[in-house]
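Comments concern the structure below.
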Amino acid sequence: MVNVNSQGHLTIGDCDALTLAADFGTPLYVYDVGQIRQQMRQFHHAFKNTGIKYAISYASKAFAIRAIDQVIAQEHGHLDVVSAGELLTALQAGFPMADVSFHGNNKSLAELKLALDNHVGTIIIDNFYELDLLNQLLAKQAGQVNVMLRIAPGISAHTHRYIQTGQVDSKFGFDVQSGQAERALQLVRKNPQLNLLGYHAHIGSQIMAVAGFTALVKKMVQLAATWQNKYHYEPQVLNFGGGFGIKYTDADHPLDPQVFVQDMVATLKKEIAATKLSVPEIWLEPGRSIVGQGGYSLYTIGARKEIPHVRTYISVDGGMGDNIRPALYQADYQAVLAQNPLAAPQETVTIAGRYCESGDVLVKDQPLPSSNPGDVLAVLATGAYGYSMASNYNRVPRPAVVFAENGKAKLVVKRETTADLTRLDLNYLK
Ligand code: LLP
């Protein structure tokens, strides 16, 4: 999972991690841009020779900054956004709006208006309230908008329950079982300003097996066929969401995107053949699998606390403020010393963050070579849902973000300052 240079130092995008830490400071998010391109290309490659039209719509919630949107556009990706903020980021990136899908279970009137005003390619309608809002807005303007219906397919993915989404008891999408999805289809078809492209579903995240996706493809094709018979509507697109798992530690054995795609395509072709439907386009929305493994968090080691016969804590200058995942999902990560990531471990330590909370532990029981205060520690595979879920807990500024590629490093998000943090505060008493 790590690359080193001739000095044995960790490299990211062919840049020495120690130099990056010295030049840009820590904590620092560094992305190996070549790795991200590689992930996008793997998805494209998987569809080659399938004869299927497709789109790889990067779920920008995983890491939504201008620079990544620009890389995704270069790599012929589409983009999935879930808020005015992510939408404006895409606009600032110069991302083609026709290739943007707008998601969310509670889009506001203002957000929907922003999407329409900027000619966002597709709005993925999640619920009846949103459908009403959209109808209201469209009544005041001419023209059509492309929409999809988000379906809750009643399929549970085997993953942490906080990141399961496809099951019946979910806040997302129109439920199939109770007939809500069918009712939504009827309503959308009533408004000629809504151009229904097809159906969307997303079953969860960090999924390591194909079974959930196979079941999803079957279910969606069955639904499409039933509704074709009943309503003479045939979807042009089926969007199966994202959720493809990645390797956080040596204990994870994710499947290549190729394996997921091949299975979905084979299932789709087989299922479609038994219906009167023609083969639809497949859209996928990978987030984590595009940016996760290409991201590294660099920290500087500080305090050390040895509790004899219990545990040794090493504290770093970041933690749950820049990576909430261990605290929130009991997520496991792996860490290395940037100066000698391949050196033999000499001790087992627990990497603690700097935040005032006992749960602020980044890595439990990490074997490491011996280290000193001032050494740089890298936590691996932090590229997804790290920076994008960062907070200012304890009024600690968020890290800077650097993109590294072919030995060149570029600052793409500035480090927040304490002045940024107090900028919005107002006096209560004069
Ligand atoms: N499409 C939809 C509709 C989604 O809701 C999501 C993720 C994705 C695509 C992308 O899923 P991915 O390929 O990244 O797994 N914060 C959690 C993950 C939340 C996922 C939310 N939805 C985490 O850190 O694990």
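The values are calculated or read from the model by the stated rules, or taken from the named source; none is laboratory data. The structure displayed is predicted, hence computed values, not measured ones. Quick reminder, even Gly has a Cβ in these numbers, built from the backbone with ideal geometry, and neighbours come from all protein chains shown. Heads up: the accessible areas ignore ligands, DNA and RNA and are worked out on the full protein's heavy atoms, side chains in. Shrake-Rupley method; radii C 1.70, N 1.55, O 1.52, S 1.80 Å.
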Open item on the list: When you check Arg423 against the structure, is it open to solvent by 70 Å² or more (accessible area, probe 1.4 Å) and without any contact (Cβ under 8 Å) to a residue 40 or more places away in the chain, yes or no?
Closed with: yes
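This table checks each residue for (1) surrounded by fewer than 21 Cβ atoms within 10 Å (Cβ to Cβ); (2) more than 21 Å from Ala64 (Cβ to Cβ); (3) away from the ligand (no atom under 16 Å from the Cβ).
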{"position": "Arg304", "(1), (2), (3)": "yes, yes, yes"}
{"position": "Ile307", "(1), (2), (3)": "yes, yes, yes"}
{"position": "Asp322", "(1), (2), (3)": "no, no, no"}
{"position": "Val379", "(1), (2), (3)": "no, no, no"}
{"position": "Tyr393", "(1), (2), (3)": "yes, no, yes"}
{"position": "Phe403", "(1), (2), (3)": "no, no, yes"}
{"position": "Leu411", "(1), (2), (3)": "yes, no, yes"}
- [ ] Within region 227-234, identify whether any single residue is on the phi > 0 side of the Ramachandran plot and more than 16 Å from the ligand (Cβ to nearest atom), and answer yes or no.
- [x] yes
Open item on the list: So if I check each of Gln334, Gln330, which one is assigned by TED's automatic domain parsing to the domain that holds Gly25 and either over 25 Å from the mean Cα position of the chain (by Cα) or surrounded by 15 or more Cβ atoms within 10 Å (Cβ to Cβ) (or both)?
Closed with: Gln334
- [ ] Could you run through region 221-274 and say how many residues are surrounded by 14 or more Cβ atoms within 10 Å (Cβ to Cβ) and basic (Lys, Arg)?
- [x] 2
TODO: Look through region 85-119, keep the residues that are polar (S, T, N, Q) and closer than 18 Å to Gln74 by Cβ, and return whichever of them is most open to solvent (accessible area, probe 1.4 Å).
DONE: Gln92
Open item on the list: Against the condition in contact with a His (Cβ under 8 Å, 6 or more places away or on another chain), assigned by TED's automatic domain parsing to the domain that holds Trp283 and either at pLDDT below 95 or in a helix (DSSP H, G or I) (or both), how does Phe213 come out, does it pass?
Closed with: no
- [ ] Using the structure shown, decide if Tyr31 is open to solvent by less than 10 Å² (accessible area, probe 1.4 Å) and over 14 Å from Pro286 (Cβ atoms).
- [x] yes
Task: Of all residues making up region 4-52, the number that are outside any helix (DSSP H, G or I), more than 19 Å from the chain's Cα centre (by Cα) and under 19 Å from Ile290 (Cβ atoms) - done: 3
Open item on the list: I need the helices (runs of 4 or more DSSP H) fully contained in region 71-151, keeping only those with at least 3 residues that are more than 16 Å from the ligand (Cβ to nearest atom), touching a residue at least 12 places away in the same chain (Cβ under 8 Å) and out of contact with any helix residue (DSSP H, G or I) (no Cβ under 7 Å at 6 or more places or on another chain).
Closed with: 128-139
TODO: Among the residues of region 360-375, count how many are more than 29 Å from Ser6 (Cα to Cα) and part of a loop (DSSP other than H, G, I, E, B).
DONE: 1
Task: strands (runs of 3 or more DSSP E) wholly inside region 237-336 containing at least 3 residues that are among the hydrophobic types (A, V, I, L, M, F, W, C) and on the phi < 0 side of the Ramachandran plot - done: 281-284, 295-307
- [ ] Output yes when any residue across region 342-359 is part of a strand (DSSP E or B), touching a residue at least 24 places away in the same chain (Cβ under 8 Å), surrounded by 15 or more Cβ atoms within 10 Å (Cβ to Cβ) and within 16 Å of the ligand (Cβ to nearest atom), and no when none is.
- [x] no
